[in-house]
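Q: There's a structure below that I have some questions on.
The values are calculated or read from the model by the stated rules, or taken from the named source; none is laboratory data. Just so we're clear, the structure is a prediction, and the values are computed from it rather than from any experiment. Cβ atoms come from the backbone with ideal geometry, glycine included; neighbour counts cover every protein chain shown. The accessibility values were calculated without ligands, DNA or RNA, using every heavy atom of the protein model including side chains. Shrake-Rupley method; radii C 1.70, N 1.55, O 1.52, S 1.80 Å.
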Amino acid sequence: MSFWDRFFKKPEKAKKYTWADILSGIVPIYSNGFGTNIYASDVVQQAIYSIVTELKKLDPVHVRKTANDNDFVSVAGNIQSVLDAPNPLMTTSDFIEKIAWMLLLNYNAFIYPIWSGDTLVALYPLQPSQVDFQQDGTGKLWVIFTFPNGYEGEAAYEDIIHLRYHYSVSEFMGGNEFGQPDFKPLLETLKLNDTLLKGLAKSLNLQTTINGIVKLKTMVNAEDQIAKVKEFEKKLQSNESGILPIDISSDYTPISKQVALLDDKVLEFIDKKILRTFGVSIPIVNGDYTKEQYEAFYQKTLEPIVKSLGQAFTKGIFTKHAAQGFNNKIVFYTKELIFMNTEQKINLFNLLVDSGSCYKNEMRVAFGLRPIDELQGQLAESSNKTNAENNKTNKTGDGGNNDGNDDGGNNNE
């Protein structure tokens with residue numbers, strides 16, 4: 001029995017399916033005819049790789065919101081175990097990198113959770129060549145996957161984790177109405193970039209291979225002229241020293257080697273135009289970005305994908321009752337890719353802590369750290385505030401004996 005036969009249901013041909021209702025009227029069959037030509041461009045690959053390498057730093061965690069709705073606690077169990085080791089072939093970073101590439105290449109990514117009863121066993125990214133959305137007599141939505149090897153498998157849509165990018169026209173898929181990226185505008189820019197680079201290569205080749213001009217002093221007929229040119233070319237091709245012997249009937253005028261490159265501003269404009277499609281700037285690609293530049297990259301490009309990951313995994317792994325009734329969710333923590341501008345956060349939490357207005361786990365989460373069970377429900381309150389309150393009480397004579405001892409401001413609730 002193959003891997004797919006073990007975990008996938010083969011479509012039952014006798015089952016009465018109808019095409020899923022779709023407002024646009026297009027039959028919901030989506031083939032993997034994606035515009036892969038764009039990935040021949042090194043600029044496109046660098047842009048996508050810049051996003052993927054940041055996303056693979058994410059830390060997926062199963063958390064549960066407490067009853068007071070202000071605190072999260074991590075939940076140890078089989079779901080977290082699978083998040084830490086999604087399947088026998090991949091580590092967590094491998095898994096995230098795989099689905100990130102799939103999402104950015106195809107504008108869709110499908111992940112198949114494998115269950116043994118109520119226990120989550122593994123998570124596998126799927127790479128189908130065609131996806132059909134159909135519904136049964138009860139209105140339940142099913143997905144029919146066709147893979148490049150011809151295998152077909154079906155799964156209830158509610159049991160699949162589906163990530164969508166540029167989710168706009170199609171009701172079911174990211175991308176255009178056919179569930180594919182629309183790269184026509186980008187392809188035009190890439191063609192222009194390719195033309196410029198090829199022109200530059202030809203210019204360099206021309207300017208580095210022609211070293212000078214030979215002027216023939218004698219009057220020769222066409223045949224003799226051709227013969228002399230061929231003789232000169234032969235000397236040019238066989239020459240290794242860079243010095244060509246010529247007779248007294250010829251003059252040789254060397255050409256100055258001043259290679260003219262394309263204007264830097266033109267090349268930078270083309271690069272920026274390509275990178276802007278993916279929300280990446282040149283400093284991000286080069287790795288010499290400032291805090292402000294990374295913050296803009298994080299908020300514009302990374303953060304929406306991070307949010308989509310958490311919501312899609314929560315929807316695909318938990319039932320509606322488990323997610324909403326018991327406040328279970330999957331969060332992809334950003335500890336390793338916080339955009340470094342922590343000064344403002346520190347100033348904010350200094351104010352919140354001084355006023356006792358935040359929880360300790362709330363502070364940890366804000367800085368991309370996991371919540372700790374031992375800190376559940378504990379207010380973050382500074383000792384400075386406690387001492388100030390004690391001093392104020394003693395000065396007014398309202399009681400209290402300031403012996404210098406305090407409990408560090410912990411308020412266990």
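Q: Return the residue satisfying two criteria in turn: it lies in segment 107-128 and is open to solvent by 40 Å² or more (accessible area, probe 1.4 Å) and in contact (Cβ under 8 Å) with a residue 24 or more places away in the chain, and of such residues it is nearest to THR277 (Cα to Cα).
A: Just the residues of segment 107-128 that are open to solvent by 40 Å² or more (accessible area, probe 1.4 Å), to begin with: 115-119, 121, 127.
Narrowing the set further to residues that are in contact (Cβ under 8 Å) with a residue 24 or more places away in the chain leaves 119, 121, 127.
Working: THR119: 41, VAL121: 37, GLN127: 24 Å.
By that ranking, first place goes to GLN127.
Q: Now, a different point. Search segment 71-95 for residues that are of a type outside the set (A, V, I, L, M) and pair each with any residue that is exposed (fewer than 14 other Cβ atoms within 10 Å of the Cβ) and in a strand (DSSP E or B) when their beta-carbon atoms are under 7 Å apart and the residues are at least 6 apart or on different chains.
A: ASN78/THR119
Q: Looking at (1) at pLDDT 65 or above; (2) more than 27 Å from ILE282 (Cβ to Cβ), can you tell me which one ALA100 breaks?
A: Of (1) at pLDDT 65 or above; (2) more than 27 Å from ILE282 (Cβ to Cβ), only one is false for ALA100: (2).
Q: Which number in (1) closer than 15 Å to GLN130 by Cβ; (2) modelled with pLDDT under 85; (3) buried (at least 16 other Cβ atoms within 10 Å of the Cβ); (4) not polar (S, T, N, Q) marks the one condition that GLY150 misses?
A: Every listed condition holds for GLY150 apart from (3).
Q: Does segment 368-377 hold any residues that are closer than 20 Å to ILE346 by Cβ and open to solvent by less than 60 Å² (accessible area, probe 1.4 Å), and which are they?
A: Those that are closer than 20 Å to ILE346 by Cβ and open to solvent by less than 60 Å² (accessible area, probe 1.4 Å): GLY368, LEU369, PRO371, ILE372, LEU375.
Q: What single numbered condition from (1) crowded, with 17+ Cβ neighbours inside 10 Å; (2) assigned to a helix (DSSP H, G or I); (3) of a type in the set (A, V, I, L, M) fails to hold for LEU351?
A: Checking LEU351 against (1) crowded, with 17+ Cβ neighbours inside 10 Å; (2) assigned to a helix (DSSP H, G or I); (3) of a type in the set (A, V, I, L, M), the one that fails is (1).
Q: Within the bounds of segment 81-91, is there any residue that is at pLDDT below 75 and crowded, with 16+ Cβ neighbours inside 10 Å?
A: no
Q: Within segment 65-75, is there a residue that is in contact with a His (Cβ under 6 Å, 6 or more places away or on another chain) and open to solvent by 20 Å² or more (accessible area, probe 1.4 Å)? Before the answer, list the steps.
A: At the first step, the residues of segment 65-75 found to be in contact with a His (Cβ under 6 Å, 6 or more places away or on another chain) are 75.
Okay, now just the ones that are also open to solvent by 20 Å² or more (accessible area, probe 1.4 Å), so 75.
Yes, that holds for at least one residue.
Q: While we're looking at this one, here's another question. Can you name every residue in segment 47-64 that is open to solvent by 40 Å² or more (accessible area, probe 1.4 Å) and free of Cβ contacts under 8 Å to residues at least 60 places away in the same chain?
A: TYR49, LYS56
Q: Related question: State which residue is surrounded by the fewest Cβ atoms within 10 Å (Cβ to Cβ) when the search covers only segment 164-185 and only residues that are modelled with pLDDT under 85 and among the hydrophobic types (A, V, I, L, M, F, W, C).
A: Filtering segment 164-185 for residues that are modelled with pLDDT under 85 and among the hydrophobic types (A, V, I, L, M, F, W, C), the one surrounded by the fewest Cβ atoms within 10 Å (Cβ to Cβ) comes out as PHE178.
Q: Give the residues of segment 268-309 that are over 14 Å from the mean Cα position of the chain (by Cα) and either on the phi > 0 side of the Ramachandran plot or modelled with pLDDT of 95 or more (or both), sorted by residue number.
A: Within segment 268-309, just GLY287 meets the criteria.
Q: When LYS329 is evaluated against the numbered criteria (1) part of a helix (DSSP H, G or I); (2) crowded, with 18+ Cβ neighbours inside 10 Å; (3) under 26 Å from the mean Cα position of the chain (by Cα); (4) not β-branched (Val, Ile, Thr), which criterion, by number, is the only one it fails?
A: Failing condition for LYS329: (1).
Q: Still on this model: For segment 378-396, how many residues meet the condition of being assigned to a loop (DSSP other than H, G, I, E, B) and either open to solvent by 40 Å² or more (accessible area, probe 1.4 Å) or at pLDDT below 85 (or both)? So that I can check it myself, show each step before the final result.
A: The initial filter retains those residues of segment 378-396 that are assigned to a loop (DSSP other than H, G, I, E, B), namely 378, 380-382.
Still in the list and also either open to solvent by 40 Å² or more (accessible area, probe 1.4 Å) or at pLDDT below 85 (or both): 381-382.
Adding up the residues that qualify gives 2.
Q: I need the full set of residues from segment 315-326 which are open to solvent by 20 Å² or more (accessible area, probe 1.4 Å) and not small (Gly, Ala, Ser), in order please.
A: Scanning segment 315-326 gives LYS315, PHE318, THR319, LYS320, HIS321, GLN324, PHE326.
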